[in-house]
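Inspection log for the structure reproduced underneath, given as structure tokens.
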Amino acid sequence: MTSLEVRLAGLTLPNPVLAASGAFGFGREFARYYPPSVPGAIMVKGLTLAPRAGNDSPRIAETPAGMLNSIGLQNPGVDAFLREELPWLKSQGARVIANINGHSIAEFGEIARRLEGADGLSALEVNISCPNVSGGGMFFGTDPRLAAQVTEAVREHCALPLIVKLSPNVADIVAIARAVAGAGADILSLINTVLGMAIDIKTRRPILARQVGGLSGPAIKPIALRMVWETAQAVNLPIIAMGGIVSPADAAEFFLAGAAAVAVGAGNFIDPHCVPKIISGLERWLAQEGYSSISEIRGLALP
Amino acid sequence: MAENTEGAFLEKNQSLAPGLYEMTLLAPALVAAARPGQFVMLRLGENWAPFLRRPFGLAGIAAGAGRCQIVYRVVGEGTAQMSRWQAGRQVDILGPLGNGFTWPGVEPGRAALVGGGMGIAPLLPLAQALRQAGHQVSAFLGGASLDRLFGLGQLGDLGCRAQIATEDGSAGFAGLITGPLERYLLAGAGAGRDAVAAPGADTAAGTDHAAGTDHAAAAGPRASADADPGGGPGAGIGPGSGAVDIVYACGPMPFLRAVTGLCRRFRLPAQVSLEERMGCGLGACMGCAVKIKDASGTIQQRRICYDGPVFDGKEVFFLDQP
């Protein structure tokens, strides 16, 4: 009998296929396609202390096998999330991971404090890798010392499993991973989007209003896979892998590279049923190959 | 559940004019759930080329037959691929999506449907639904040239009076369609609202205006979207219009700005369907956000795909609007 259940540092999930932050809202938009309890967990849209309107349009640009976005963390703020979104998600039986974003180390700590003890929350994901905001965002995720300080500030208010989401826009992702592991992270998630741009040759101008944005989709899968593979060898923390996963085979590659779970981002945009299709496809594939659990294939491609 | 993601059968894919195509799809579950103003997302290629689905407003909804139409113009590689699709093909379609237009169910009223370019598409099933509900429909269609316009025959068959405008003067009014619309509203205002709106007057289905296009205005000056002072000081107090009870519009933003400006001036309710670069069509990617001013005057980002595409004309906030 094949079981898809996974355990990541105190976080037990019925299956290892999560919905990635920023690609699934707060779960409501997908509830007409399948119940919010279907994904292993829902990593909600990035939360900030105050509500944010996000960036000007155009905010997205299509690219080969992917897309650029510069949404700019449009969200209702952490208090509105606690009031209006979390109770609904809990009532639907979803496992909820709050993705948090601060302008300063103190602000990261304050958001974590407000989420402390919230009913229905399974974990925090600290986003030190958003490429689409000025002040904070990716700034914290590209310096090991700052990344560690943010992790410590959140850890102080976080009894739940603490996930830190890493940026691929660094020379050495392992150095950042080690720094946050040393500062108290329980789980790593990688990768956030890859900084990129697109230019309209008719207008001679960048397509995105904010000029540059984060690339996601199958185009970045090889980058994500390499970074997961490197990090899994260097750091002894469970990894939630994301970056271009749109099929069960994509997910399997990441488990073989050492991931403990995967998350689907842009795949949700092109097929609202992407997550349940990957869950059922993985289950079939494992059974077909004679495995009874994800842990049996985890890291088989590592040296 | 309403959404059909199982695929549709492509019955017909025909050219209406150079670069302009109409696709007829058999998709009974989708069509049964569809309302005018809603849209669908089509997957165009395999192996993520192109990566994102493409949104198309439903240009025809035949619930009994399970058929729907979309009209598209070839503007890039994706729509070029679509134009080569042969009948008999399975199409990966998602929908119906978005909120759609609404209309009063009891009192027969007079609606003006104002379409700019591809924005004509969602107005066609709306015209049909309005006529079926006993409403009188006047259509105002504008485009760059005559071969960018479509749906005139259908509107005629439905008994809708249609006026057209082309920017190159190739047919109808030479200029923007807001010119003929403004004149129509002014004429109605002159007649006096109460007199024209007398019970039973001019509203019975099948007995109203002749079908076809109105070329009488062809010699008029080129109208400018900026000619209407809209909500400017003093200009916002309009006379009201006795010719129309509600305006429905779809088209590019500058076009909608001009149309909603006229509606403010004539104090007419308007429902506008917005077009914007769209990522998922599901409300998830937040790519199609637009600024909306709610009743309290607060400006908020709303998603065209999920909160719209149809919005109250008063709520749409245009950046250059006073």
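Structure summary
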quantity	calculated
Residue under evaluation residue B:185, criteria (1) assigned to a loop (DSSP other than H, G, I, E, B); (2) touching a strand residue (DSSP E or B) at 6+ places or on another chain (Cβ under 9 Å); (3) modelled with pLDDT under 95, criterion not met	(1)
Criterion: over 22 Å from residue A:232 (Cα atoms), assigned to a helix (DSSP H, G or I) and modelled with pLDDT of 95 or more - qualifying residue of A:177, A:153, A:148, A:94	A:153
Top-ranked residue of region A:45-67 - restricted to ones that are hydrophobic (A, V, I, L, M, F, W, C) and within 12 Å of chain B (Cβ to nearest Cβ), ranked as surrounded by the fewest Cβ atoms within 10 Å (Cβ to Cβ)	A:53
Where a residue in region A:186-208 is surrounded by 23 or more Cβ atoms within 10 Å (Cβ to Cβ) and its partner, wherever it lies, is among the hydroxyl-bearing types (Ser, Thr, Tyr) and in a strand (DSSP E or B), with Cβ under 8 Å and at least six apart	A:193/A:216
Looking only at region B:266-302, and only at residues there that are of a type in the set (Gly, Ala, Ser) and under 17 Å from residue B:97 (Cα atoms), the one that is farthest from the chain's Cα centre (by Cα)	B:284
Residue under evaluation residue A:9, criteria (1) on the phi > 0 side of the Ramachandran plot; (2) within 10 Å of chain B (Cβ to nearest Cβ); (3) of a type outside the set (D, E, K, R); (4) surrounded by fewer than 17 Cβ atoms within 10 Å (Cβ to Cβ), criterion not met	(2)
Total residues in region A:103-131, condition out of contact with any Leu (no Cβ under 7 Å at 6 or more places or on another chain) and closer than 26 Å to residue A:58 by Cα	3
Test: residue A:68 is outside any loop (DSSP other than H, G, I, E, B), at pLDDT 95 or above and farther than 26 Å from residue A:147 by Cβ	no
Hey, residue A:22 within 11 Å of chain B (Cβ to nearest Cβ), under 19 Å from the mean Cα position of the chain (by Cα) and under 21 Å from residue A:161 (Cβ atoms) or not	yes
Of all residues in region B:89-136 being under 15 Å from residue B:160 (Cα atoms), surrounded by fewer than 24 Cβ atoms within 10 Å (Cβ to Cβ) and among the hydrophobic types (A, V, I, L, M, F, W, C), the one that is modelled with the lowest pLDDT	B:133
Test: residue B:34 is of a type in the set (A, V, I, L, M, F, W, C), crowded, with 18+ Cβ neighbours inside 10 Å and under 29 Å from residue B:260 (Cα atoms)	yes
Matching residues, region B:286-311, being more than 11 Å from chain A (Cβ to nearest Cβ), assigned to a loop (DSSP other than H, G, I, E, B) and surrounded by 20 or more Cβ atoms within 10 Å (Cβ to Cβ)	B:308, B:309
Restricting region B:255-285 to residues that are assigned to a loop (DSSP other than H, G, I, E, B) and among the basic types (Lys, Arg), the residue that is nearest to the other protein chains (Cβ to nearest Cβ)	B:277
Some residue of region B:44-59 being surrounded by fewer than 20 Cβ atoms within 10 Å (Cβ to Cβ), away from chain A (no Cβ under 14 Å) and more than 22 Å from residue B:17 (Cα to Cα)	no
Selection status of residue A:37, assigned to a loop (DSSP other than H, G, I, E, B), more than 21 Å from residue B:281 (Cα to Cα) and either of a type in the set (Ser, Thr, Tyr) or within 10 Å of another protein chain (Cβ to nearest Cβ) (or both)	yes
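The values are calculated or read from the model by the stated rules, or taken from the named source; none is laboratory data. Predicted model only: the values in this text are computed from it and were never measured. Cβ: placed from backbone, ideal geometry, glycine included. Neighbour counts: every protein chain shown.
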